[in-house]
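The next block holds one structure in the form of structure tokens; read it before the comments.
The values are calculated or read from the model by the stated rules, or taken from the named source; none is laboratory data. Remember, predicted model here, so these are calculated numbers, not experimental data. Note: ideal-geometry Cβ built from the backbone for every residue, glycine included; neighbour counts use all protein chains shown. For the accessible areas, the whole protein counts, side chains as well, though only heavy atoms, and no ligand, DNA or RNA atoms are used. Shrake-Rupley method; radii C 1.70, N 1.55, O 1.52, S 1.80 Å.
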Amino acid sequence: MTTVAFTPVTEARFAVARHVADAVLFEGYVLYPYRASAAKNRLRWQFGVLVPPSWSAAAEEHDFQLTECLMEPRTGAELSVEVRFLRAQRRTVEELREDGTFAPTGELRLPDRVLVPWDEGVEERVTLTVPVGDLRGDGTVLPFTRPATQETEDVLDPDGRLLGRLVRRREEISGALRISAAELDGPYRVERLSVTVENTSAWTAERDTDRHAALPHSLVATHTLLRLDGGSFLSMTDPPEWAKGAVAACRNLHTWPVLAGEPGRGDLVLSSPIILEDHPAIAPESPGALYDATEIDEILALRTAALTDEEKREARGTDARAAAVIELADTMPPEVLERLHGAVRSLQSVTGPPKPAGNILEPDTPWWDPGGDTGVDPGSDHVLVDGRAVRAGSRVVLRPRLRRTDAQDLFLDGRGALVEAVLHDVDGGVHIAVTVEDDPGADIRREQGRFLYFQPDEVEALEDV
């Protein structure tokens, strides 16, 4: 067991996964319009925050993450682990007084930026390499501590005169990484790997302590990278048939493991507090990190470029990463911006074999006009589900499938629903539009046509209509 640097091969493999892991680390780090004064930048860091134990009991946040996944290690295989998180660095602004002392201030104005108090994120890593054989039984525990620090940075005007200073403070944080493995019964040599990341900081929260006070003692945007140097991990999202029972028995609390790296390889896992699919990747068109969660790059780049000069000055002074976003938007070449417009990744070949007859648009029918195909009627069309005809008015039970769903859909698993329409798309796919039973807003959804959509294998038919 060691906490020294990884081997070159392991480091290279982790570098592949870090392209996506960096997006997890800084998800929502600073939101458009990238100014500290913006209302949505006053509540920081929503994902993967492991708070101190003394505060977790009083808050709806947690002091640990648990990852469980399945692996098939070869004899003598080693497991490499990298826990990554941000540490909140509290930056305050002080101005120089006439008597030569410094006093806290709300801002320092410079020609190119406005410096304001802000919590910066400093990346931290905890690394470990251990033989898989040593993890069986009680496993291993790696405690870690980061000491408190304080740094100052002078703020000078363009002529080199001292105006004030920035004071950056980091509080002491402590944690523990616990790893164990257990062989499962059965004909296959498969093991369940358990990885727990805990915040064990001794900081004590007062009765009226708020989240802002707890953040400097927290592990922020915590996620874990795993690599086997011999063997592979099994997909937790789409496991082989023989492993589905063992996958269902795994517990994953406040995080979820997915296969990382190139499709077709299984040596890497990213356990993320954000829901991802296997082998996630950054869009090749993306010109750089924009940190703003679910925003579309093209829209966000255009809106950022349209900020006023004063807004850009405050953004540049808010954070170095915000300043980089402003620079990116201001200097983005037209050909790069054009590349963000209308990328399509899943078109089917038009030269393939002909599709079966039925509800397929003719070439001269506008694809965007549902009324252009008289053979389609969402109100009366039906689809067979388990041998029963499902159409508008049918009752079904929702069974979302993990491979093509999101967190909201998972909350609907097992709920009854009323079918509002059966729809056919231009590729021959079938979609069932539903409203959920007992939904008080169902009438409004029906009036506005804002339905939920599922595929035929995601519902169970209750009755024919």
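Numerical summary
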{"item": "Contact order relative to length of the chain, as percent, for alpha carbon pairs under 8 angstrom and 6 or more apart", "result": "17 percent"}
{"item": "Compactness of the range 133-254 as Cα Rg over 2.2 N^0.38 Å, two decimals", "result": "1.64"}
{"item": "Accessible carbon and sulfur surface of the range 26-87 relative to its total accessible area, %, 1.4 Å", "result": "51 percent"}
{"item": "Dipole in debye (nearest 20) - the range 46-92, about Cα centre, beta carbon charges: Lys, Arg +1; Asp, Glu -1", "result": "380 debye"}
{"item": "Ordering of 180-189, 42-51 by burial proxy (mean other Cβ atoms within 10 Å per residue, highest first)", "result": "42-51, 180-189"}
{"item": "Calculated P(r) tail over 38 Å for the chain, as whole % of Cα pairs", "result": "41 percent"}
{"item": "Protection proxy ranking, peptides 438-447, 197-206, average beta carbon neighbours within 10 Å, highest first", "result": "197-206, 438-447"}
{"item": "The range 13-74: relative contact order as a whole-number percent, Cα under 8 Å and 6+ apart", "result": "19 percent"}
{"item": "Farthest toward positive dipole pole in the chain [+1 Lys/Arg, -1 Asp/Glu at C-beta], among 145, 424, 52", "result": "145"}
{"item": "Residues whose placed amide H lies under 5 Å from that of residue 250, excluding near-sequence neighbours", "result": "none"}
{"item": "Å² per residue, accessible surface of the chain at 1.4 Å", "result": "52 Å²"}
{"item": "Over the range 67-149, relative contact order from alpha-carbon pairs under 8 Å, at least 6 apart, %", "result": "37 percent"}
{"item": "Amide N of the range 252-271 lying under 18 Å from the label point, which is placed 7 angstrom from the Cα of residue 242 along Cα→Cβ", "result": "266"}
{"item": "Cubic angstrom per residue, convex hull over Cα atoms of the range 179-316", "result": "193 Å³"}
{"item": "Net charge, residue 223 excluded, C-beta distance under 13 Å - Lys, Arg +1, Asp, Glu -1", "result": "-2"}
{"item": "Simple spin-label estimate for residue 415 and residue 310 in nanometres, 7 Å along Cα-Cβ", "result": "4.5 nm"}
{"item": "Carbon/sulfur fraction of accessible area - the range 138-246, other protein chains in place, 1.4 Å, %", "result": "43 percent"}
{"item": "Residue-count net charge about residue 56 - beta-carbon cut-off 11 Å; Lys, Arg +1, Asp, Glu -1", "result": "-4"}
{"item": "Separation of alpha-carbon centers, the range 49-123 and the range 231-262, rounded to whole Å", "result": "29 Å"}
